[in-house]
Amino acid sequence: MTEPLLEVRDLKVYFSVYRGFVQRLLGGGDAKVHAVDGVSFSIAQGEVFGLVGESGCGKTTIAKTLVGLVRASSGKILFRGEDVTRPDRKGLFRVRERIQLIYQDPQAALSPAMTVGEAVADVLRAHGLPTDKGDRVHAESEAEIRAAVYGIFDDVGLRPPAFYYDKYPDELSGGQKQRVVAGRVLGLRPQLIVADEPVAMLDMSVRARMLEFLMELKARHHLTYLFITHDLATAKFVCDRIGIMYLGRIVEVGPARTIYADPKHPYTRALLQAIPIPDPSRRSAKVLPKGEVPNAVWPPGGCRFHPRCPSALPTCGWEGRDVIALLEERWLSIELAAREGIAGPIEAWEADGLIARRDMGTTDPHAVAALIRTIIDQSGGPMAQAVRDIRVEGTTVIVEFRAPEPLVPKEVEGRVVECLLY
Ligand SMILES: Nc1ncnc2c1ncn2[C@@H]1O[C@H](COP(=O)(O)OP(=O)(O)OP(=O)(O)O)[C@@H](O)[C@H]1O
Ligand code: SF4
Ligand SMILES: [Mg+2]
């Protein structure tokens, strides 16, 4: 097998969070946003690899880490086998010539005070003019640079180039601005383009055309793309292989066709069901599983998807805070809250890993333990079978869960899935 163009191994990117905010959230302790938490993938030369997932799952953080805008906490990034994980200044300059980022917002990528022609010319002055042999030479004259920019504008469909050269970003449409950005990126002849939601901010009417344009460029210049999107329909259109991300991890990765035809991970299934289907006779419910995406400061134990997973097993990672979430949900009903009053309020409960507890003070803890047992049993889900015991220690009621089964990525029918169902 040939060496991949890009290889990412067990990448972790954590951000420290401001203590005041954290203390309110967790009551102290070590607090970091687990933005990317052990991600591995590789991209072959000429491939379009997609990273797909809901907002906050870590897609942009991966993109920024690849181009050196964010530092990896651990793991490795290899470009043609060369370690580019934590480049020094010189290394960074070279990384930026080979890996280029196209952002979601072309407006933010372009200075409002500079004509779009100058924006591209500036890059050519800094990095030189790419030659056919793959090296770079410094331009002899400004006329040579202007001619090179015209060539690039022509390539990205900004025609006639002389008309666009002196325009300011504000005078162009979103699609035209994104073409300028693409031109500036191409001016460097990058080997890998990381496109982070490149059409998400464009008008609906030009999105499809822009995607086609990016694919045309790919074919013409033999490019390789890392394509980031939250939209599975877009990914299906452009990607050869995709990785589905959930809360800082890739939960399913493989050929796009295989995954679309038969998704294996419950999260992928949920995402695919949420794609609107144009044919009304085949309309599916546009709902993702219950609940919000949990906070990346304190990701769920075991499988991160377990609090929302419709197929969850007793071994998937049930823990103290899941009991508290259950009580909270239940006591939203005033009637239940009144009937079960002796066990509340929610704020009096505390979660610590596999344990949930409440000090009952002068209330009988045995009565509350029995009530909690009933509530968990009535919930009917896999959580009930994950409880190790519900006990009383002094005046405190304690609910303790069994440790989850370790999650290991597994090869399943032509793709890799991280799920205990397999
Ligand atoms: N500089 C930062 N400091 C602290 N937390 C951050 C920082 N950058 C990102 N995060 C957090 O890291 C997590 C991942 O963010 P990221 O922007 O990578 O997600 P994303 O998948 O690109 O989301 P979206 O689809 O909304 O663009 C989020 O919880 C986010 O709040
Ligand atoms: S391991 Fe699989 S079944 Fe268990 S919660 Fe996660 S996605 Fe659902
Ligand atoms: Mg993003």
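Taking the highest mean first, how do the peptides 410-422, 251-263 order by number of other beta carbon atoms within 10 angstrom per residue?
Result, highest mean Cβ count within 10 Å first: 251-263, 410-422.
How big is the gap, in Å, between the Cα center of the range 324-361 and the Cα center of the range 115-177?
63
Which order do peptides 137-149, 108-120 fall in by mean Cβ count within 10 Å, highest first?
Peptide ranking by packing, descending: 108-120, 137-149.
Compute the long axis of helix 365-379 from its Cα atoms, compare it with the longest principal axis of the Cα atoms of the chain, and write down the angle in degrees, 0 to 90, nearest 10.
50
So if we plug the beta-carbon distance of Asp135 and Tyr168 into 1/(1 + (r/R0)^6) with R0 = 30 Å, what FRET efficiency do we get, rounded to 0.05?
0.35
Past the 32 Å Cα-Cα mark, which pairs from Lys177/Lys264; Lys32/Lys167; Lys59/Lys133; Lys12/Lys90?
Flagged as over cut-off: Lys177/Lys264; Lys32/Lys167; Lys59/Lys133.
In terms of modelled amide H atoms, which long-range or inter-chain residues lie less than 5 Å from the amide H of Ile102?
Residues meeting the amide H criterion: Val194, Ala195, Asp196.
Rounded to the nearest 500 deg cm²/dmol, what is the calculated helix-only ellipticity per residue at 222 nm for the chain, with -39500 (n - 2.57) per DSSP H run of length n ≥ 4? Can you show the working numbers first?
Numbers: 16 runs with 150 residues, N = 422.
The helix-only estimate for the chain comes to -10000 deg cm²/dmol at 222 nm.
Considering amide H positions built from the backbone, and no H for Pro or chain starts, which residues 5 or more places from Val70, or on another chain, come under 5 Å of its amide H?
Placed amide hydrogens put Thr65 under 5 Å from Val70.
In what sequence, highest mean first, do 156-166, 315-325, 388-398 appear when ranked by Cβ atoms within 10 angstrom?
Values: 156-166: 16.3, 315-325: 22.7, 388-398: 14.7.
Answer by packing, highest mean first, reads 315-325, 156-166, 388-398.
How far is the Cα center of the range 376-422 from the Cα center of the range 183-257, in Å?
Using only Cα atoms to place each centre, the spacing works out to 37 Å.
Using the Karplus curve 6.51 cos²θ - 1.76 cosθ + 1.60 with θ = phi - 60°, what ³J(HN,Hα) values do you get for each residue of the range 133-140, in whole Hz, with x for Gly and Pro?
My calculation for the range 133-140 gives 7, x, 9, 10, 10, 6, 5, 6 Hz in order.
Apply the Karplus parameterisation 6.51 cos²θ - 1.76 cosθ + 1.60, with θ equal to phi minus 60°, to every residue of the range 298-303 and state each ³J(HN,Hα) to the nearest whole Hz, in sequence, with x for glycine and proline.
Those phi angles translate into 9, x, x, x, x, 6 Hz.
List Phe41, Phe49 from most exposed to least, where exposure is judged by having the fewest other Cβ atoms within 10 Å.
Phe41, Phe49
Return, ordered by residue number, the residues of the range 233-253 whose backbone nitrogen is under 11 Å from a label point located 7 Å along Cα→Cβ of Tyr422.
251-253
Of Lys64/Lys218; Lys64/Lys236; Lys218/Lys410, which pairs sit farther than 28 Å apart, going by alpha carbon to alpha carbon?
In this structure, Lys218/Lys410 exceed 28 Å between Cα atoms.
Through the Karplus equation 6.51 cos²θ - 1.76 cosθ + 1.60, θ set to phi - 60°, convert the phi angles of the range 215-229 into ³J(HN,Hα) values in whole Hz; use x for Gly and Pro.
Using θ = phi - 60°, the values come out as 6, 4, 4, 4, 5, 5, 10, 6, 8, 10, 10, 9, 10, 9, 7 Hz.
Along the Cα→Cβ direction, 7 angstrom out, place labels at Glu347 and Met201. What is the inter-label distance in nm?
4.0
Along Cα→Cβ, 7 Å out, is where each label goes; now give me the distance between the ones at His127 and Arg339 in nm to one decimal.
6.6
Give me the extension gain from Ser111 to Arg373: residue separation times 0.36 nm, minus the current Cα-Cα distance, reported in nm with one decimal.
Full-extension gain reported as 88.2 nm.
How far, in degrees from 0 to 90, does helix 174-186 lean away from the longest principal axis of the Cα atoms of the chain, to the nearest 10?
Computed tilt is about 70 degrees.
Which one, Ser73, Gly353, Ala386, is farthest towards the positive end of the dipole of the chain when Lys and Arg carry +1 and Asp and Glu -1 on their Cβ?
Ser73
Report, in degrees rounded to the nearest 10, the 0 to 90 angle that the Cα long axis of helix 320-330 makes with the longest principal axis of the chain.
80
For the chain, what is the charge dipole size about the Cα centre, in debye to the nearest 20, if Lys and Arg each add +1 at the Cβ and Asp and Glu each add -1 at the Cβ?
With only Lys, Arg, Asp and Glu charged at Cβ, the dipole is about 460 debye.
Note down the magnitude of the dipole of the range 74-191 about its Cα centre, charges +1 on Lys and Arg C-beta and -1 on Asp and Glu C-beta and zero elsewhere, to the nearest 20 debye.
520
Mind grabbing the base-10 log of I(q)/I(0) for the chain at q = 0.10, 0.11 Å⁻¹? Debye formula, identical points on the C-alpha positions, no solvent, two decimal places.
-0.79, -0.91
So who's got an amide H within less than 5 Å of the one on Val251, skipping anything under 5 residues away but keeping other chains? H placed 1.01 Å off N, in plane.
Ile244, Met245, Tyr246
Read-outs: derived from the displayed coordinates by stated rules, not from any lab. Small disclaimer: the values here were computed from a predicted structure and weren't measured. Cβ sites come from the backbone with ideal geometry, for glycine too, and all protein chains shown count toward neighbours.
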